[in-house]
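Worksheet: the structure to be examined is printed underneath.
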Amino acid sequence: MDLESHILQLFINNKYVDCQNKKKVSVYNPATGGLVSDQIPVAGPDDVDAAIHAGQAAFAPGSEWRQMIASERQRLLLRFADVLEDNKERLASLTRLTLGAPYVPFGKSEIETAIGCFRYYAGWIDKFAGQSFPADDGVYKIVRNEPLGVVAGIIPWNGPLASVGLKAAPALAAGNVFILKPSEKTPLMAAELGKLVLEAGFPPGVFQVLTGDGSTGALLASHMGIAKVSFTGSVATGKAVQILAAKSNLKRCTLELGGKSPAVVFDDADLANAVRWCVNGLTNNSGQICFAASRVYVQEGIYDRFLQAYREAFEAKRRVIGDPEDVRFELGPVVDKAQYDRIMNIIESAEKEQQGTLVTGGRSFTSRGYYIEPAIFLDPKPDAFIYKEEIFGPVVVVNKFKTEAEVLERSNSSKYGLMAGVFTQDINRALRLSSAFDSGVVGVNCISTIHFSCPFGGTKESGLGRELGVNALLAYTEPKTVLINMNY
Ligand code: NAD
């Protein structure tokens, strides 16, 4: 397939340039299995150095970016949001080509998240004040929020556009300069962003894009010129990034990692609402979402009715699986052959080893492309792979429970703690559980959703630190205390 030449280049210092590293990766269309390009550049040491040098120049004292007054930085972020909006169909289509998720619902929600993040953080720019304390003891104290310098965002393939908003918007709002490293599976949209950076009018070196694979990510994570890495991806890579950060310059790390999010449905829940959130929270983007509602617990009194409606809704989803380019379809293929083989092997082993009972789905949908019917396993064994591990595909485990104490113990006994949901009409129970769940986010009568104003991230092995809200700005700044002695 012919891609415009700039898509096969790096975006450094406001210019599209050829990659100095000769290594390339290939990307495929998961709807057909066909090759999209075998020429995706993998930024190597010289390319990474060039971007970091440009970033350092952009961040140097007296530079255009450092001198820029708040209202102008605000206008830049708002302009970028507008440019994203003007180009949303193209960006979404470049993402879809190698991710496979149809525009509605997933592609649309992704680009809207990115646009929303830039507008939300633009609003913060002239309101992100530090602190001051009175000179009651003769010392006036000021705490300033200082930007860190050159920061990098290393992002996964499953939400590439939204991740740009979550990472670049607060980094730039706080006054840093930003290098984006997209996943090697979904690099096309990121490569296109350079054109939008130019159109919005960012100074050179402020917002750069380096495509590449894990080797490029590792170069950034271990580089002495990078002050912080905001990483989203798997637990294993997150740990590797933190080790590289510690072994180099102790750069700051925010880690948004995996999940196995429990949705707990009590007897008094609104059935239709619980079913709708639990189905969409698992099938959206074919289950390839970090906070997918992938462990469902249902109280015994509502269990049969819930299961029937949930299963019917899963089976109805089969009618909207299909070509992501066709607007009639809501669910596309999983991202690539490796992901397809991994998920199908997990399903096959789960059946063979009787890890749980497969009641619907789990089969390949067509002979072409990487489509999988959403699958429900009942009563998984507590030590089963499908019960404990993140599958990152359209596979859910459904469990029956009796008491609140029992379900709390079961839902918290996971190495993950990204999100939990409780479905009940009893406000006391909802508040009790939202405090008792060991997770970074809790939904009451909802799950698998986020809000710009509120921190997002996980406890335990789901990560470290938070994105969104003021928390992201704090994570992209270093507090600096200034003590003014007035006693002389
Ligand atoms: P991944 O860890 O394989 O890759 C993520 C990114 O890290 C990619 O850009 C990759 O090139 C890069 N990378 C790989 N090796 C690296 C290394 N040694 N050093 C630095 N960078 C390296 O993850 P993935 O398969 O792209 O994404 C799926 C995972 O991401 C799932 O586990 C999912 O739960 C998680 N995820 C979490 C969130 C969240 O916010 N918590 C959101 C989306 C995805």
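Listed values, structure above:
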{"item": "For peptides 351-361, 166-176, 127-137, 223-233, sequence by mean Cβ density within 10 Å, most packed first", "result": "166-176, 223-233, 351-361, 127-137"}
{"item": "Charge dipole of segment 270-402 about the Cα centre (unit charges at C-beta), most positive-ward option of Y310, Q339, V279", "result": "Y310"}
{"item": "Distance between segment 56-131 and segment 435-463 - C-alpha centres, whole angstrom", "result": "23 Å"}
{"item": "Mean separation of Cα contacts under 8 Å (6+ apart) over length of segment 51-155, as relative contact order %", "result": "28 percent"}
{"item": "Over the chain: helical MRE at 222 nm, DSSP H runs n ≥ 4 each giving -39500 (n - 2.57), nearest 500", "result": "-12000 deg cm²/dmol"}
{"item": "All lysines inside 17 Å of K108 as judged from Cα atoms, apart from same-chain residues fewer than 8 positions distant", "result": "K88"}
{"item": "Relative packing of 72-81, 293-302, which averages over residues the other C-beta atoms within 10 Å, highest first", "result": "293-302, 72-81"}
{"item": "For V25, distant residues with modelled amide H under 5 Å away", "result": "I40, V42"}
{"item": "Separation between Cα centres of segment 240-276 and segment 377-432, rounded to whole Å", "result": "14 Å"}
{"item": "Å² per residue, accessible surface of segment 49-203 at 1.4 Å", "result": "34 Å²"}
{"item": "Proximal lysines relative to K141, as straight alpha-carbon distance under 28 Å, when same-chain residues fewer than 8 apart are discounted", "result": "K127, K228, K251, K480"}
{"item": "Ranked by how many other beta carbons lie within 10 Å on average, peptides 14-20, 415-421 from highest", "result": "415-421, 14-20"}
{"item": "Segment 282-354: Cα Rg divided by the 2.2 N^0.38 Å rule of thumb", "result": "1.29"}
{"item": "Angle between the chain longest axis and helix 160-173 axis [Cα atoms, degrees, rounded to 10]", "result": "30 degrees"}
{"item": "Compactness relative to 2.2 N^0.38 Å, alpha carbon Rg of segment 316-359", "result": "1.45"}
{"item": "Distant-in-sequence amide H partners of V422 (H built 1.01 Å from N, under 5 Å)", "result": "V264, G443, V444, N445, C446"}
{"item": "Partners for K415 among lysines (Cα-Cα distance below 19 Å; same-chain residues under 8 apart left out)", "result": "K239, K260, K381, K388, K460"}
{"item": "Cα-based helix-to-principal-axis angle, 108-124 vs the chain, degrees rounded to 10", "result": "40 degrees"}
{"item": "Between 0 and 90°, nearest 10: helix 88-99 axis offset from the chain longest Cα axis", "result": "60 degrees"}
{"item": "Sites D126 and R276 - FRET efficiency at Förster radius 30 Å, r taken between beta-carbons, to 0.05", "result": "0.15"}
{"item": "Selection from A200, A420, G301 lying farthest towards where the dipole of the chain points positive, charges on Cβ", "result": "A200"}
{"item": "Globularity index of the chain, i.e. its alpha-carbon radius of gyration over 2.2 N^0.38 Å", "result": "1.00"}
{"item": "Relative contact order computed over the chain (Cα-Cα under 8 Å; 6+ residues apart), in percent", "result": "18 percent"}
{"item": "Size of electric dipole in the chain: Cβ of Lys, Arg +1 and of Asp, Glu -1, about Cα centre, debye, nearest 20", "result": "560 debye"}
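The values are calculated or read from the model by the stated rules, or taken from the named source; none is laboratory data. All of these numbers come straight from a predicted model, not from anything done at the bench. Please note: Cβ atoms are built from the backbone with ideal geometry, for glycine as well, and neighbour counts cover all protein chains shown. Each accessible area value is taken on the protein alone, full model and side chains, heavy atoms only, with ligands, DNA and RNA left out. Shrake-Rupley method; radii C 1.70, N 1.55, O 1.52, S 1.80 Å.
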